[in-house]
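One structure is given here, and the rest of the page talks about it.
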Amino acid sequence: MSSRIRTELVEINMGPQHPSTHGVLRLEVSLDGEVIVDLKPDVGYLHRGIEKLAEMRTYVQFIPITDRLDYLSSMLQNAAYVGAIEKLGQIEVPERAEYIRVIMMELNRIASHLIFYGAMGLDLGATTPFLYGMREREDILDLFEMTCGARLTYNYFRPGGVAADLPAGFYQKAKSYIKKQRERLAEYDDLLTNNQIFIARMRGVGVISAEEAINYSMSGPTLRGSGVAYDVRKADPYSVYDKLDWDVATRPEGDSLARYLVRMQEIRESLRIVEQALDIMPPGKLQYKTPLRLKLPEGEVYHHIESSRGDLGVYLVSDGSDKPYRLKWRAPSFINLGALSRLAKGWKIADLVAILGSFDIVLGEVDR
Amino acid sequence: MSETTESTVRKAFPEAVLDASEIDGVLNLKLAANFLLDVCRLLYSHDDLSFDYLADITAIDWRDRIEVVYRLTNLATNAKVVLRVDLDRNDPQVESVSSVWKGAEWQEREVYDLMGVRFIGHPDLRRILLPEDWEGHPLRKDYVIPD
């Protein structure tokens, strides 16, 4: 009898119902013992065909649907879509509205990164950070609620402006939130960033070089974690970002820890942006005169913004009617997820949770 | 920049460029489909152009043809170019560019899934958003939505 032990690969399914897949995502994993030999993400469980839905709705009717794509940063989804309409229709936006938009977009980025902070901890077995992150996010949701009445699906951006001006008391409340958030960030670092177990699980895990990350069309914090300072807010400035003083956060390491640290730094940068915008925002009217049954001239436009998850692009083709002829949503989560297999191979299954967590995907946007 | 991009492509492949225009300040090159992969390889590896980032691939159904649109960026200089190819609507196929940019793999799968364009040489051309037994390609203009 041979003394050699015959081993074979084990195929397992992670998801679609699994706490670490952050929604309905299924990962087909081939394992050699604990080591990942192959990985195939299976997406589409949440596919609603939004690009087709867009063709059946007027331009304005589609705004609430954008809220349901990356539902952790709905303001940014509104912004990308409305920005494309404004570019093609050459619709002017009052300066005050642009500042309000920047405030909303950056607050929403922080809220999204706070969920990431909490979920990342949760993925690796730390429960407290999630409660901390949710606590501060609540303050942001309160600000959103007093502005537009909704806490998650805002439907706040309009071609030519925003649905309503900032309510009384917003300025003070936002200022006190910024002060509080800055103090709490030190607590966050004590809890998670400087936690030796957390660092051991994240450092050097799931590394991708700058060159490869670019080749995989990655974007957002997942790309900047590999040392590429590509941020649409700087590369193709839109709204009033070029009037504000802030820096692009990057880390050179390309590992899961680097992607985490980029987002933590981005929270600080976004706080800087919101603070400045609140102070230099001009007074004035917010009136927008865009008709509800908006018609756009024949032609096409590509508008992209930096959402919480990366380069979010809207490609709009118009045939001159009141509905889009074709709308394409370039979803950063979807494209980033395409590189997961490359990053996970060779790591243990427990590391897969850390790597996927560091991608910070939202399935609503992946599946569309 | 966009003149050099256009002239570089025209010089290397005189028959490849069918039309050139500018949309929103970005050069749009309409290419003969059989030259697409060659042009992509050139744009990627050319020292001065070096379009290293494939921002987006998508397709439009114009009812008489399917147009596939590729959006490229050079991340260092932020130079951009858009490539377009027209395909036969009854049997749309074009060479895959996933050997140049890995990021094309999932994006081409999406275009295949929703618009029915076949990408020749793609390593794993399967549906991605819809179930594998789905019939038809929903973003086609003549697609009938099932009850």
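Output the residues belonging to the stretch A:228-247 that are within 12 Å of another protein chain (Cβ to nearest Cβ), in a loop (DSSP other than H, G, I, E, B) and surrounded by fewer than 16 Cβ atoms within 10 Å (Cβ to Cβ). Can you show your working first?
To start, the set of residues in the stretch A:228-247 that are within 12 Å of another protein chain (Cβ to nearest Cβ) comprises A:228-232, A:234-237.
Right, trim to in a loop (DSSP other than H, G, I, E, B) and you get A:228-231, A:236-237.
Listed by number, the residues that qualify are A:229, A:237.
Residue-by-condition table, conditions (1) assigned to a helix (DSSP H, G or I); (2) away from every other protein chain (no Cβ under 14 Å); (3) on the phi > 0 side of the Ramachandran plot:
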{"residue": "A:168", "(1), (2), (3)": "no, yes, no"}
{"residue": "A:176", "(1), (2), (3)": "yes, yes, no"}
{"residue": "A:182", "(1), (2), (3)": "yes, yes, no"}
{"residue": "A:189", "(1), (2), (3)": "yes, yes, no"}
{"residue": "A:201", "(1), (2), (3)": "yes, yes, no"}
{"residue": "A:217", "(1), (2), (3)": "no, no, yes"}
{"residue": "A:222", "(1), (2), (3)": "yes, no, no"}
Practice problem: Could you list all residues from the stretch B:52-63 that are under 14 Å from the mean Cα position of the chain (by Cα) and either over 15 Å from residue A:311 (Cα atoms) or outside any strand (DSSP E or B) (or both)? | Solution: B:58, B:59, B:60, B:61
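Can we say residue B:69 is more than 17 Å from the chain's Cα centre (by Cα), more than 22 Å from residue A:25 (Cβ to Cβ) and free of Cβ contacts under 8 Å to residues at least 40 places away in the same chain? I'd like the intermediate steps shown before the answer.
On the way: more than 17 Å from the chain's Cα centre (by Cα): no; more than 22 Å from residue A:25 (Cβ to Cβ): yes; free of Cβ contacts under 8 Å to residues at least 40 places away in the same chain: yes.
No, not satisfied.
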Quiz item: Within the stretch B:75-92, how many residues are over 15 Å from residue A:214 (Cβ atoms) and in contact (Cβ under 8 Å) with a residue 60 or more places away in the chain?
Solution: 1
Quiz prompt | Filtered residues of the stretch A:40-60 (kept if within 24 Å of residue A:319 (Cβ to Cβ) and either outside any loop (DSSP other than H, G, I, E, B) or among the aromatic types (Phe, Trp, Tyr) (or both)) | solution = A:50, A:51, A:52, A:53, A:54, A:55, A:59, A:60
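Does the stretch A:52-76 hold any residues that are under 19 Å from the mean Cα position of the chain (by Cα) and not aliphatic (A, V, I, L, M), and which are they? Don't jump to the end; show me each part of the working.
Applying the first criterion (under 19 Å from the mean Cα position of the chain (by Cα)) to the stretch A:52-76 yields A:63-76.
Across the stretch A:52-76, the qualifying residues are A:64, A:66, A:67, A:68, A:70, A:71, A:73, A:74.
Name the residue that is surrounded by the fewest Cβ atoms within 10 Å (Cβ to Cβ), counting only residues in the stretch A:61-78 that are part of a helix (DSSP H, G or I) and polar (S, T, N, Q).
A:61
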Practice problem: Could you tell me whether the stretch A:264-281 includes any residue that is surrounded by fewer than 16 Cβ atoms within 10 Å (Cβ to Cβ) and within 14 Å of chain B (Cβ to nearest Cβ)? | Solution: no
Exercise. Within the stretch A:303-337, track down each residue that is more than 9 Å from chain B (Cβ to nearest Cβ) and either closer than 20 Å to residue A:293 by Cβ or free of Cβ contacts under 8 Å to residues at least 60 places away in the same chain (or both).
Key: A:316, A:318, A:319, A:320, A:321, A:322, A:323, A:324, A:327
Quiz item: Can you find a residue in the stretch B:107-116 that is in contact with a Pro (Cβ under 8 Å, 6 or more places away or on another chain) and closer than 30 Å to residue A:236 by Cα?
Solution: yes
Practice problem: Take the residues in the stretch B:42-97 that are under 22 Å from residue B:7 (Cβ atoms), surrounded by fewer than 16 Cβ atoms within 10 Å (Cβ to Cβ) and acidic (Asp, Glu), then tell me which one is modelled with the highest pLDDT. | Solution: B:48
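Scan the stretch A:86-97 for residues that are assigned to a helix (DSSP H, G or I) and either modelled with pLDDT of 95 or more or farther than 18 Å from residue A:143 by Cβ (or both) and jot them down.
Narrowing the stretch A:86-97 to residues assigned to a helix (DSSP H, G or I): A:86-89, A:95-97.
Selection gives A:86, A:87, A:88, A:89, A:95.
The values are calculated or read from the model by the stated rules, or taken from the named source; none is laboratory data. Because the structure is a prediction, the values reported are computed rather than measured. Don't worry about glycine lacking a Cβ; one is built from the backbone with ideal geometry, like all the others, and counts go over all protein chains shown.
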